Structure formats: C-alpha cells, structure tokens
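Quick notes on the structure that follows.
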Amino acid sequence: MTTALAGLPARVEVYEVGPRDGLQNEAAIVPVEVKAEFVRRLVASGLRTVELTSFVPKKWIPQLGDAEELMALLGADQPHRAPVLVPNEKGLERALANGAKEVAVFAAATESFAKRNLNRTVAESLEMFRPVVEGARAAGLPVRGYVSMCFGDPWEGEVPLEKVADVAGSLKDMGCTEVSLGDTIGVGTPGQVVALLGLLGSRGLPVEEVAVHFHDTYGQALANTLVALQHGVTTVDAAAGGLGGCPYAGSATGNLSTEDLVFQLHGLGIETGVDLPSLVRTSVWMAAQLGRPSSSRTVNALAATTLEI
Ligand code: HMG
Ligand code: MG
C-alpha cells in the first residue's frame with residue numbers, strides 16, 4: 001500500500017553503512033570473504049551506496065583490520081558509491097593505494113568523544129582531517145564529513161546545537177562535499193533534528209549536502225528521518241538488519257535498519273532502487289553468519305515470507 005505525503009522527495013539515496021558501522025563493533029572477527037559477499041549481496045539488492053570499511057589502525061578497530069584484503073577481494077565489483085573511513089594522512093594513503101573512490105572523515109561535536117574516538121581535541125581532530133580532505137579532493141574524490149554526538153553524548157549529556165553546527169560548518173569549509181549528522185547514541189528527537197537543520201542553513205551548509213545518520217537506541221530513528229525528509233534531506237544512512245554500534249561509545253546500539261527505512265519510504269511512494277525482499281534475504285543470511293537474529297523489525301516481519309520467494 002502506497003500513500004504519498006506532501007512535501008517529501010521523490011527519491012531518497014539510501015547510504016548503507018552495514019559493512020562498516022554495522023560490523024565495526026562485532027567482537028568475533030567476521031571472515032573477509034563473508035564481508036565481501038555481504039557487500040555484493042547489498043549491491044545486488046539495489047543499494048547504490050555502500051560504505052565498505054575503515055582505514056584506521058587495527059588496534060583501534062580490530063574488526064576492520066582487513067580493509068586492504070576486502071578492497072582486493074571486491075576488485076572492480078565496488079558499489080556505485082563506495083566510501084571508506086579515513087582519519088588521517090596515513091589512512092588516506094592506504095585508501096588511495098587500495099582503489100578507494102570516496103572517503104569519509106569523522107569529527108565529533110564533543111570533546112569527550114573526540115578524545116575517546118580520535119585521541120584528539122575537537123580542534124586537533126579537525127586539523128588532522130584538513131590534509132585528508134584536501135588530498136582526497138585533489139585526487140578527485142568526494143569526501144563525506146561525519147559529525148558524531150549531534151544530539152547527546154554519554155559523558156556530556158545534551159550537546160549544544162550551535163557546537164554541532166560549528167563543526168559541520170568547519171567540515172564544509174575545509175572541502176567536504178557532504179556532511180552526515182550522526183546521532184551516535186540515538187537520543188535525538190524530531191524537534192532537535194529540525195532545529196539543527198535550521199541552524200546549518202544559516203551557517204552556509206545547504207540541505208542538499210546534508211545526510212542524516214541515526215542510531216535507533218530509543219526507537220526515534222524513523223521519526224527523526226521523516227522530519228529530516230520534510231526539511232529537505234534526501235540522503236539517509238542505515239545498516240542492513242539494524243547492525244551497528246561504536247566501540248568508543250558504549251551506549252550506541254544499532255543503526256536505523258535499512259529494511260525499516262525502505263519499508264517506510266516505499267510506503268510513502270518514495271523511490272529507493274532497493275528490492276526489499278532481496279535485502280531481507282541478505283540480512284537473514286548475515287544474521288546466520290553472525291550467529292544471532294537480526295534486530296530489524298521489518299526483517300523479522302518479512303523473513304518467513306521472503307525466504308520462500
Ligand atoms: P593515535 O594512537 O593517536 O595515532 O590514534 P597516532 O597518529 O599516534 O599513531 C599511532 C600508531 O598508529 C602509529 O604506528 C601510526 O603509524 C599508526 P606505530 O608508530 O605505533 O607503529 N597509524 C595508522 N596505522 C594504520 N592506519 C592509519 C593509521 N594512523 C596511525 N590510518 C587515530 C589516532 C585517529 C589513528 C585513532 O584514534 C583512530 O583510528 N580512531 C578511529 C576510531 C574509529 O574508527 N571509530 C569508529 C568510527 S566513528 C563512528 O562509528 C561514528 C559514525 O558512525 C557516525 C555516528 O554514528 O555518529 C561515523
Ligand atoms: Mg554510526
């Protein structure tokens with residue numbers, strides 16, 4: 001059943017983060033062949049954008065210590081948009097040497113998270129990103145800039161939206177082509193999302209260059225997504241099967257599930273290019289690889305029927 005709602009975009013770009021944000025917190029190392037197969041299945045389900053991995057030190061994110069091997073296994077089989085996370089120049093060097101077509105830097109809106117996640121202050125981490133953004137742009141790559149802890153932080157509580165807008169504006173000023181607003185611990189509610197989007201506009205960051213990245217800890221991700229769409233956002237991050245979390249933010253749980261997102265978008269008549277039954281089958285397959293059921297409501301609702309198709 002499709003019923004449109006006024007004021008929404010005709011198409012939404014679903015930015016799949018399952019192989020990176022989804023897997024980075026998994027304690028048991030997932031074999032690299034399984035990761036490559038996950039990416040291939042996501043692409044076969046119609047996802048054009050899949051964030052593949054991170055070029056960070058293995059000791060920081062052991063699960064993604066196989067970034068080189070994954071890129072080699074995927075070869076020319078990369079998604080249309082295939083960003084990889086890069087924190088510094090060493091990461092950029094590795095990403096470029098391994099055929100990355102897009103990179104993402106990841107800033108924080110709070111000092112506590114910048115220190116834990118990047119071993120830097122917010123200002124120092126922005127300075128670390130500057131040569132990465134410049135180098136990647138000079139090599140012709142688009143660069144996404146994340147801002148984490150946009151609406152709340154486990155150590156600092158509520159985060160002033162002006163601070164978030166400042167960090168987002170700095171990323172735009174240094175050359176990021178897209179800024180993704182991360183609700184890392186999933187505490188944001190729709191009013192905050194609208195307020196932040198309003199602030200960004202007045203800081204020179206057009207809504208066309210803004211993406212939203214919601215974790216679903218408090219069940220707010222879909223409501224937050226809907227208001228973001230009503231305010232002009234057209235790129236939404238999500239992880240197949242609702243995988244996810246951040247090892248440096250204990251209270252971060254799974255990302256918005258891609259299936260829940262696609263179910264809502266298709267119900268609104270919004271085009272995504274995603275084949276939902278195929279995506280559900282991918283998440284059921286991935287859940288079997290991880291040895292536990294998916295947390296996505298849509299996967300669980302549709303698994304029995306889609307597996308028969
Ligand atoms: P550091 O320890 O301060 O780094 O970490 P360093 O520059 O002092 O270097 C230490 C060692 O690491 C050196 O080696 C470097 O060469 C090496 P040694 O001399 O000891 O042999 N090194 C590297 N090796 C490989 N690749 C590299 C690299 N860089 C240095 N790129 C650093 C600083 C930024 C590297 C570290 O803090 C880090 O990697 N942090 C990343 C943590 C992370 O990936 N977190 C998860 C992603 S963020 C997220 O999930 C949120 C998001 O989803 C949005 C949301 O939900 O809000 C994006
Ligand atoms: Mg995240």
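The values are calculated or read from the model by the stated rules, or taken from the named source; none is laboratory data. For clarity, every value in this text was computed on a predicted model and none was experimentally measured. Don't worry about glycine lacking a Cβ; one is built from the backbone with ideal geometry, like all the others, and counts go over all protein chains shown. Quick note on the areas: whole protein, heavy atoms, side chains included, nothing else; ligands and nucleic acids left out. Shrake-Rupley method; radii C 1.70, N 1.55, O 1.52, S 1.80 Å.
Worth pointing out:
- Region 156-175, residues that are in a helix (DSSP H, G or I) and β-branched (Val, Ile, Thr): VAL164, VAL167
- In region 127-140, the count of residues that are in a loop (DSSP other than H, G, I, E, B) and open to solvent by 40 Å² or more (accessible area, probe 1.4 Å) is one or more.
- Set THR121, THR49: member being open to solvent by 30 Å² or more (accessible area, probe 1.4 Å), in contact with a Lys or Arg (Cβ under 8 Å, 6 or more places away or on another chain) and of a type in the set (Ser, Thr, Tyr): THR121
- Filtered residue count, region 262-279, keeping only those that are open to solvent by 20 Å² or more (accessible area, probe 1.4 Å), assigned to a loop (DSSP other than H, G, I, E, B) and closer than 14 Å to SER45 by Cβ: 2
- Pairing residues of region 77-89 that are farther than 25 Å from GLU127 by Cα with residues that are assigned to a loop (DSSP other than H, G, I, E, B), at Cβ distances under 7 Å and at least 6 apart in sequence or on separate chains, gives GLN78/LYS101; PRO79/LEU47; PRO79/ARG48; HIS80/ARG48; ARG81/ARG48.
- Looking only at residues in region 288-309 that are over 15 Å from ASP260 (Cβ atoms) and part of a helix (DSSP H, G or I), the one that is least open to solvent (accessible area, probe 1.4 Å) is LEU290.
Yes/no per residue for (1) within 14 Å of ligand 1 (Cβ to nearest atom); (2) touching a Cys at 6+ places or on another chain (Cβ under 6 Å); (3) open to solvent by less than 20 Å² (accessible area, probe 1.4 Å):
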{"position": "SER125", "(1), (2), (3)": "yes, no, yes"}
{"position": "GLY145", "(1), (2), (3)": "yes, yes, yes"}
{"position": "GLY157", "(1), (2), (3)": "no, no, no"}
{"position": "PRO160", "(1), (2), (3)": "no, no, no"}
{"position": "ALA165", "(1), (2), (3)": "no, no, yes"}
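- Qualifying residue in region 197-207 (condition: under 14 Å from the mean Cα position of the chain (by Cα), closer than 19 Å to GLU13 by Cβ, part of a helix (DSSP H, G or I) and at pLDDT 95 or above): no
- Screening the candidates GLY269, GLY250 for the property of being among the small types (Gly, Ala, Ser) and more than 25 Å from ILE61 (Cβ to Cβ) yields one hit, GLY269.
- Residue satisfying all of: in region 31-63; hydrophobic (A, V, I, L, M, F, W, C) and within 16 Å of ligand 1 (Cβ to nearest atom); farthest from the chain's Cα centre (by Cα) among these: TRP60
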